[in-house]
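See below for the structure under consideration.
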């Protein structure tokens, strides 16, 4: 009944808009960045869809959003060239703030031509936006949202990002196996959903592994001095430091830790997995261990080709967030082809049935609640670059 009502309202709305447009003969610009790709003229039989994007494009963590939108644009260009579907991206900036992300998403939701939404970037933002998208029957996918409970929000909510509950334990198990660690210290950002969620996974996994937690310290977004927290961690003499942080703060924490003589390995959450951590921390980033579906140094032909295309287009190598966004648009394109029409409910059902899709990051499926099914790779930073953990 819920789907039938949505479809009836949608048809009536489209008819009213068609009548109004025919009468006025004009259109207005909203100021939204719209990326239609190279194929603006549709070939006969080509499915066309507008996809809304909410991305972290300005502010301290804009490198995340930049990578995501660049990954999307590269995928869009390739998909449109293939000719089966034509995708237009309508991009809005969230600035990493939940309220701005919600306003941006509402703007997209009010456009009846928007088939589905990608983003927002941070879990804090996504948790504000996804319930409303689900309520409005608009499919939404998170490409970088890793906290527990994301797909459980509703039937229209999906993600292709490896959750912290998979990535962090995989990294911790590898780190403990190599170092024979017995004691760990934890440090996390207590004002962000992804860093709080990562901490919860770290703490739970440490207890399950029988590790002694010698210190638990917190910090806030934008903090620059971690002397007090790191002094307590150093006094605990841990074998590993478990740090749930975004790359901005995480890199500074590692730099200050090394200067204080804390030379044990760090295990990070998903937000720590960025080349920006190396750029900011330099040699201090060596020894960081993370779990991820993306290994940019892989000799897999798909990864090599993606790296080459991305670097040629944007002047730098891609990171995990670019790769996940790239795959997400291909997941959407595949679902659109199987749906056979740009209808939100039909598209949602096709999306839910995605199984064993060969993507850039590997074989991809959704489980029964819309969460990702994919293998985890553990990486470490060694000699200033991410390498596969051995």
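The values are calculated or read from the model by the stated rules, or taken from the named source; none is laboratory data. A quick note: this is a predicted structure, and the numbers were derived from the prediction, not measured. Methodologically, a virtual Cβ is constructed for each residue, glycine included, from the backbone with ideal geometry; neighbour enumeration extends over all protein chains shown.
When residue 173 is tested against the conditions (1) closer than 30 Å to residue 214 by Cα; (2) in contact (Cβ under 8 Å) with a residue 40 or more places away in the chain; (3) touching a strand residue (DSSP E or B) at 6+ places or on another chain (Cβ under 9 Å), the lone failure is (2). If you go through region 231-250 and keep only what is assigned to a helix (DSSP H, G or I) and surrounded by fewer than 24 Cβ atoms within 10 Å (Cβ to Cβ), you end up with 231, 232, 234, 235, 248. Taking region 218-229, which residues are without any contact (Cβ under 8 Å) to a residue 40 or more places away in the chain and either surrounded by fewer than 22 Cβ atoms within 10 Å (Cβ to Cβ) or in a helix (DSSP H, G or I) (or both)? Of everything in region 218-229, those that are without any contact (Cβ under 8 Å) to a residue 40 or more places away in the chain and either surrounded by fewer than 22 Cβ atoms within 10 Å (Cβ to Cβ) or in a helix (DSSP H, G or I) (or both) turn out to be 218, 220, 223, 224, 225, 226, 227, 228. Within region 148-162, identify whether any single residue is in contact with a strand residue (DSSP E or B) (Cβ under 6 Å, 6 or more places away or on another chain), within 19 Å of residue 322 (Cβ to Cβ), surrounded by fewer than 24 Cβ atoms within 10 Å (Cβ to Cβ) and in the same structural domain as residue 331 (by TED's automatic domain parsing), and answer yes or no. No, the conditions are met nowhere in region 148-162.
Answer with yes or no whether residue 312 is within 25 Å of residue 56 (Cα to Cα), at pLDDT 95 or above and exposed (fewer than 14 other Cβ atoms within 10 Å of the Cβ). For residue 312, the condition - within 25 Å of residue 56 (Cα to Cα), at pLDDT 95 or above and exposed (fewer than 14 other Cβ atoms within 10 Å of the Cβ) - is met.
Answer yes or no: is there a residue in region 78-89 that is surrounded by fewer than 19 Cβ atoms within 10 Å (Cβ to Cβ), in contact with a helix residue (DSSP H, G or I) (Cβ under 8 Å, 6 or more places away or on another chain) and farther than 28 Å from residue 341 by Cα. Checked against the condition, which is being surrounded by fewer than 19 Cβ atoms within 10 Å (Cβ to Cβ), in contact with a helix residue (DSSP H, G or I) (Cβ under 8 Å, 6 or more places away or on another chain) and farther than 28 Å from residue 341 by Cα, region 78-89 yields no hits at all. Within region 48-72, if we keep just the residues that are free of Cβ contacts under 8 Å to residues at least 60 places away in the same chain and assigned to a helix (DSSP H, G or I), the residue that is surrounded by the fewest Cβ atoms within 10 Å (Cβ to Cβ) turns out to be 62. Just so you know, in region 191-217 the residues that are more than 20 Å from residue 290 (Cα to Cα) and touching a strand residue (DSSP E or B) at 6+ places or on another chain (Cβ under 6 Å) include one that is surrounded by the most Cβ atoms within 10 Å (Cβ to Cβ), and it is 215. Scanning region 368-377 for residues that are touching a strand residue (DSSP E or B) at 6+ places or on another chain (Cβ under 7 Å) and within 16 Å of residue 139 (Cβ to Cβ) yields 370, 371, 372.
When we screen 329, 357 for residues that are more than 27 Å from residue 252 (Cβ to Cβ) and surrounded by 24 or more Cβ atoms within 10 Å (Cβ to Cβ), the only hit is 329.
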